[in-house]
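Visitor: Dropping a structure here in structure tokens format, bear with me for questions.
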Amino acid sequence: MKHVTLNNGVKMPQLGYGVYQVEPAEAERCVSEALKVGYRLIDTAQAYRNEEGVGAAVKNSGIARSEVFLVSKVWISNYGYEHAKASIDESLRQLQTEYIDLMLLHQPFCDYYDAYRALEDAYREGKLRAIGVSNFQPNHFIDLASNVDIVPAVNQVETHVFCQQIKAKEYMDSFGTHIMSWGPLAEGRNGLFTNPVLEAIGKAHGKSVAQVALRYLTQRDVIIIPKSTHRERMEQNFSIYDFELTDTEMEQVKALDLGKSAFFDHNDPETVKMFMGWRGL
């Protein structure tokens, strides 16, 4: 398993398991399976409503807590200093842990400055080992990172072969912030699983399209958290470090970049309106 070193010296697995859209009742089973496969990075969030299942799986796994890297996120309904502070404590309770390895602000909307200050204080108190943000576009990210005491260790954003965040990653790199991908397989959009370029590269290496798409990201130093509720696919997604794409293959995949989201644009006013309607989650 490859690890990356965050800007505060904390080591984090590059490949993890995400539980977005995993039903709360299924979360414990799925995370237990992922841990058995070998995953040691688990990504959840307050808004997913499955932190409790994640915590139970880790606690009952027999694996030392120090060997599992837990990531969660503060939802926008919990922004503002006091609300964010209380929500961090609630996430600790739900996850049945004394600390969270990485806590992110989930969206770049509402009172995220005061929420981030709550992350900073929880970090200083030892409740969080690292802090960061999620879905912060370059304009949001540069603004925040330039005006806080603790620069985000991670920015988790949509990143896959069709939305490669090449320029955004350059801005993150300039602050020493690691890019972390959500949706590394684009949820199959744009015909990802039948893409002829990815299929040809996969055939050359005896690997699946998904494995090629994930390996491309890891070779670009992107942290990834593919999700599946099926053990076989968990194993396939985990088995990506036994081959390497050539420089030519990397360029072929790079050419697939469309430079735009396959889901929604966080700078679009309609997207902002949508999130304002989700404040009560």
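Visitor: For the stretch 218-281 and the stretch 108-152, what is the separation of their C-alpha centers, rounded to whole Å?
Guide: 22 Å
Visitor: If you average the sequence gap of Cα pairs under 8 Å that are 6 or more apart and divide by the length of the chain, what percent do you get for the contact order?
Guide: 17 percent
Visitor: For Glu187, Glu67, which order do you get if you count the other beta carbons within 10 Å of each Cβ and list the fewest first?
Guide: With the sparsest Cβ surroundings first, the list reads Glu67, Glu187.
Visitor: A further question follows. What's the FRET efficiency of Ala64 with Gln21 using the Cβ-Cβ distance as r and R₀ = 35 Å, to the nearest 0.05?
Guide: Efficiency at R0 = 35 Å is approximately 0.75.
Visitor: First check a/c for the stretch 171-281, with a ≥ b ≥ c the square roots of the eigenvalues of its C-alpha gyration tensor; if it is under 1.5, answer rounded, and if not, answer prolate when a/b is larger than b/c or oblate otherwise.
Guide: The shape class here is prolate.
Visitor: Further question on the same structure: What is the order of Leu104, Leu41, fewest Cβ neighbours within 10 Å to most?
Guide: If I rank by nearby Cβ atoms, fewest first, I get Leu41, Leu104.
Visitor: Could you check the simple spin-label distance between Asp173 and Trp278, using points 7 Å along Cα→Cβ, in nm with one decimal?
Guide: With each label placed 7 Å out from Cα toward Cβ, I get 3.0 nm.
Visitor: Further question on the same structure: For each of Phe162, Phe243, Phe109, count neighbouring Cβ atoms within 10 Å of the residue's Cβ, then give the residues from fewest to most.
Guide: Lowest to highest Cβ neighbour count: Phe243, Phe109, Phe162.
Visitor: Need the list of lysines near Lys2 for cross-linking: C-alpha distance under 21 angstrom, and skip anything on the same chain fewer than eight residues off.
Guide: Answer for Lys2, where 21 Å is the Cα cut-off: Lys11, Lys36, Lys169, Lys207, Lys227, listed by chain and number.
Visitor: Once you sort the root eigenvalues of the Cα gyration tensor of the stretch 130-224 as a ≥ b ≥ c, which label holds: rounded (a/c under 1.5), prolate (a/b larger than b/c) or oblate (the other case)?
Guide: Prolate, since a/c reaches 1.5 and a/b exceeds b/c.
Visitor: Express as a percent, rounded to the nearest 5, the fraction of DSSP beta bridges in the stretch 3-276 (both residues included) that run antiparallel.
Guide: Within the stretch 3-276, antiparallel bridges account for around 15 percent of the total.
Visitor: Tilt of helix 24-37 relative to the longest C-alpha principal axis of the chain, in degrees (0 to 90, nearest 10)?
Guide: The angle comes out near 50 degrees.
Visitor: Sticking with this structure for a sec: Can you tell me how the stretch 1-88 classifies by the Cα gyration tensor, rounded, prolate or oblate, using a/c under 1.5 as the rounded cut?
Guide: Here the stretch 1-88 falls in the oblate category.
Visitor: Also, I was wondering about something else. Check which residues have an amide H placed less than 5 Å from His3's amide H, if you skip close sequence neighbours.
Guide: Under 5 Å from the amide H of His3 lie the amide H atoms of Gln14, each far enough along the sequence or on another chain.
Visitor: Name the trypsin sites (Lys or Arg not before Pro) in the stretch 217-275 that are in a loop by DSSP and that have at most 15 other C-beta atoms within 10 Å, would you?
Guide: Lys260
Visitor: If you place +1 on the Cβ of every Lys and Arg and -1 on the Cβ of every Asp and Glu, how big does the dipole about the Cα centre of the chain come out, in debye to the nearest 20?
Guide: Result for the chain is approximately 440 debye, rounded to the nearest 20.
Visitor: Nearest 10 degrees, 0 to 90: what angle lies between the long axis of helix 112-124 and the longest principal axis of the chain (Cα atoms)?
Guide: The angle comes out near 90 degrees.
Where a number appears in this text, it was derived from the coordinates with a stated rule and is not lab data. All values reported here derive from a predicted model rather than from experimental measurement. Positions of Cβ are backbone-derived with ideal geometry, glycine not excepted, and every protein chain shown enters the neighbour counts.
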